[in-house]
Amino acid sequence: MSYRQNRNLVIRHAIIDSLFILRSLIWRTSLGLTFFIIYASLGYVYSWPLYLPIAILLGFSPWGWKVQANRKEKAESRELKKLRNQLGEGIIYTRVESKVEINYRGAIFLKSVFGLFVSGFWSVVLGWKAIWDEIAQLVDNIKTVIKFL
């Protein structure tokens, strides 16, 4: 592959990655704002107890999903690194998971609602780091595009 083809490929990948990051930033923030507005307005109209803290947690939950995905990814990479240190470089690694889930509507609903609150708590604690990492990656992609132009 020539230098020109390689340069075009790097620029293309950086632009596509930047667009994906922008979409992610906008989507997660707007979805969280939508959750917050809907729950806060309904809570205010119907005088629900503690509607504002619950609305804030629900508003942060989309970034909590990102935090949970990052934590899972880091745990898997730590596990793989530990395996590489134990066995050496020439290993093949596969992972199989099996989950047993209850297929009852009430349990599914409760699990979904509980998952939203757990995601909200994760986001309140570590959401700023997920947002910062996304913005840092976006800036790095922009620098890459500018460097290769």
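Points to keep in mind about this one:
- Test: residue in segment 22-30 that is modelled with pLDDT of 90 or more, among the hydrophobic types (A, V, I, L, M, F, W, C), under 15 Å from the mean Cα position of the chain (by Cα) and farther than 19 Å from VAL124 by Cα: yes
- Of the residues making up segment 125-149, just one is of a type in the set (A, V, I, L, M) and at pLDDT below 90, namely LEU149.
- Some residue of segment 85-103 being loosely packed, with under 10 Cβ neighbours inside 10 Å and of a type in the set (Ser, Thr, Tyr): yes
- Filter result for TRP65 (closer than 17 Å to SER112 by Cα and in contact with a Phe, Trp or Tyr (Cβ under 9 Å, 6 or more places away or on another chain)): yes
- Hey, ALA55 more than 16 Å from the chain's Cα centre (by Cα) and touching a residue at least 40 places away in the same chain (Cβ under 8 Å) or not: no
- Test: residue in segment 63-77 that is aromatic (Phe, Trp, Tyr), within 18 Å of ILE38 (Cβ to Cβ) and modelled with pLDDT under 90: no
- For segment 22-30, the condition holds for at least one residue, the condition being that it is among the β-branched types (Val, Ile, Thr), out of contact with any Gly (no Cβ under 7 Å at 6 or more places or on another chain) and within 29 Å of ILE142 (Cα to Cα).
- Residue list for segment 7-31, restricted to those being open to solvent by less than 80 Å² (accessible area, probe 1.4 Å) and either at positive phi or among the hydrophobic types (A, V, I, L, M, F, W, C) (or both): LEU9, VAL10, ILE11, ALA14, ILE15, ILE21, LEU22, LEU25, LEU31
The values are calculated or read from the model by the stated rules, or taken from the named source; none is laboratory data. Quick caveat, the model's predicted, so the values are computed rather than measured. Glycine gets a Cβ as well: all are built from the backbone with ideal geometry, and neighbour counts include every protein chain shown. Quick note on the areas: whole protein, heavy atoms, side chains included, nothing else; ligands and nucleic acids left out. Shrake-Rupley method; radii C 1.70, N 1.55, O 1.52, S 1.80 Å.
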